[in-house]
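The values are calculated or read from the model by the stated rules, or taken from the named source; none is laboratory data. Everything quoted here is computed from the prediction, not taken from an experiment. When we count neighbours, we look across all protein chains shown, and the Cβ atoms used for this are built from the backbone with ideal geometry, even at glycine.
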Amino acid sequence: MALAVKLEVFEGPLDLLLHLIDKNKVDIYDIPIVEITEQYLEYIKELEKSDMNVMSEFLLMAATLLDIKCKMLLPKEVGEDGEEEDPRAELVQKLLEYKMYKYMSFELKDRQLDAEKNYYKKPTLPEEVLAYQPPIDMEELFQGINLQKLHEIFQATLKRREDKIDPIRSQFGKIEKDEINMDEKLAFIQNYIRSHRQFSFRKLLEKSNNKMEIVITFLTILEMMKLGQITIVQENLFDDIMITSNELVALG
């Protein structure tokens, strides 16, 4: 019996088999394999010019139907429990599972369509309503609280504050940045050299007010010595360092 169908109607070979079973109004548990196989093969002829990837799935099912058809013609096999085995059992199980998943997909699709019909309005409450806070019931808040309980809460709060204190870092002093005017310090050193001509390095360092000024004084003296503006002499180890201004260099 010829059967005219279109490929796009079916999602796969199981879908086609279910269609044929419904069309012929047969029991899925008692599939007339001969009739269904013939109709299935008629459909295969319509796929000869279709995509081979799709065609291969239908050909595999066709081979399965032919195999079942052959087994139906042979004497039935008997299982370990002594009952005759039905060659269609595995195919029936696959069809039932596919049918269940297919109907579940229809149900989910219907729920999706129903959900799309629901609309929600965002809350548009006045600001004074959103900002409202119910008054505090002091009696309820302090219910069961006495002086002993308040003392315990106070001690627990102090304990938490003490636990947050780093026992090492809390002993550190405050680090402050020394503000120094570099131009003024350099001008002072040059004027000092110009006015004294020869002097003790220790005396010059005594004019510094902090460590940063000492460092700047030391670096300035090294730079002036490098440029040949001054001469540094130390007679013996640990003796005072004497600085002499070179007469050939015009300072300032």
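Results, tabulated for the structure shown:
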| read-out | value |
| --- | --- |
| Residue satisfying condition, being closer than 29 Å to V233 by Cβ and at pLDDT below 75, within set I165, I180 | I180 |
| Selected residue (criterion: modelled with the lowest pLDDT) from residues of region 46-99 that are within 16 Å of L14 (Cβ to Cβ) and hydroxyl-bearing (S, T, Y) | S56 |
| Spans of helices (runs of 4 or more DSSP H) in region 65-160 with at least 3 residues surrounded by 10 or more Cβ atoms within 10 Å (Cβ to Cβ) and under 46 Å from the mean Cα position of the chain (by Cα) | 89-115 |
| Tally of residues being at pLDDT below 80 and acidic (D, E) across region 2-19 | 2 |
